[in-house]
Amino acid sequence: MEVRVARASAVASQRVPPGREEWFLAWQRGVSAAAETFPGYRGADVYPPGPGQGEQWIAVIHFDAPEQLDAWLASPVRAQWVAKLRENVGDFELEAFSRGFGPWFACLRDAPDRAAPAGWKMALVVLLGLYPTVMVLTLFPGPLLAPLGLPVSMLLGNAMSIAILQWGVMPLLSAAFATWLTASGPAGRRATLLGLAVIAACLALLVLFFGAVAG
């Protein structure tokens, strides 16, 4: 299992017209190979449009540190690749995240009128998804994995929790809390307080539920 640790990511939302998908993927392989020569590069992920998402692709690039990501984003090498992209496909939206939770909320950048989620909001939504996931895995597969020893059981448990969060829990939570995550300024204060109350209530109910189950 590959474990990739990155402290800075950039998310690009790109509309790819019909018939240009293969060109875009070839371009993505080329620009990723160029980024790989820069210090701190940790990899790139490309997500094609899902059902009902039209022609919007999402690309995420990862670096060890924000300053290394900034060096790549400001480099003449990247500028040359971006020029080719704009000439052949069109412009795109880019958002850089200096926190590790950014890619889980990349879908929130599809709409240009949305603000980037605040780091503390992303952390709370991740906590809301992580806590029940870890509790369920601890209560149910946990006893079955225990005979394998702590290192192996922890490895398998972490692998399962990451998979559940990545492809199950976080897409649902990021969609459910999209309005709250992107609420900002005085106009968004009421939505922010209401979202905080909802998350606090959900966590409290989860604590009561798992307390009863474990007891």
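The values are calculated or read from the model by the stated rules, or taken from the named source; none is laboratory data. This is a predicted model, so every value here is computed, not measured. We place every Cβ from the backbone using ideal geometry, glycine too, and count neighbours over all the protein chains shown. Just the protein is used for accessible areas: all its heavy atoms, side chains included, with ligands, DNA and RNA removed. Shrake-Rupley method; radii C 1.70, N 1.55, O 1.52, S 1.80 Å.
Taking segment 25-36, which residues are in contact with a helix residue (DSSP H, G or I) (Cβ under 8 Å, 6 or more places away or on another chain) and either without any contact (Cβ under 8 Å) to a residue 60 or more places away in the chain or farther than 19 Å from residue 62 by Cα (or both)? If you could, list the steps in order and put the result at the bottom.
Within segment 25-36, the subset in contact with a helix residue (DSSP H, G or I) (Cβ under 8 Å, 6 or more places away or on another chain) is 27, 30-31, 34-35.
30, 31, 34, 35 - these are the residues of segment 25-36 that are in contact with a helix residue (DSSP H, G or I) (Cβ under 8 Å, 6 or more places away or on another chain) and either without any contact (Cβ under 8 Å) to a residue 60 or more places away in the chain or farther than 19 Å from residue 62 by Cα (or both).
Checking 192, 179 one by one, the residue that is of a type in the set (Ser, Thr, Tyr) and over 20 Å from the mean Cα position of the chain (by Cα) is 192 and no other.
Of the residues making up segment 170-185, none is in a helix (DSSP H, G or I), open to solvent by 50 Å² or more (accessible area, probe 1.4 Å), over 20 Å from residue 122 (Cβ atoms) and of a type in the set (A, V, I, L, M). Give me the residue from segment 62-92 that is surrounded by fewer than 17 Cβ atoms within 10 Å (Cβ to Cβ), closer than 12 Å to residue 39 by Cα and among the aliphatic types (A, V, I, L, M) and, out of that set, modelled with the highest pLDDT. Out of the qualifying residues, it is 71.
All conditions but one from (1) within 24 Å of residue 26 (Cβ to Cβ); (2) modelled with pLDDT under 80 apply to residue 97; the one that does not is (1). With respect to (1) in contact (Cβ under 8 Å) with a residue 40 or more places away in the chain; (2) open to solvent by less than 40 Å² (accessible area, probe 1.4 Å); (3) farther than 15 Å from residue 124 by Cβ; (4) of a type outside the set (D, E, K, R), the lone exception for residue 214 is condition (2). State whether one or more residues within segment 121-137 are modelled with pLDDT under 85, small (Gly, Ala, Ser), in a loop (DSSP other than H, G, I, E, B) and surrounded by fewer than 17 Cβ atoms within 10 Å (Cβ to Cβ). No, the conditions are met nowhere in segment 121-137. The sole residue among 42, 20, 29, 4 that is among the basic types (Lys, Arg) and modelled with pLDDT under 85 is 4.
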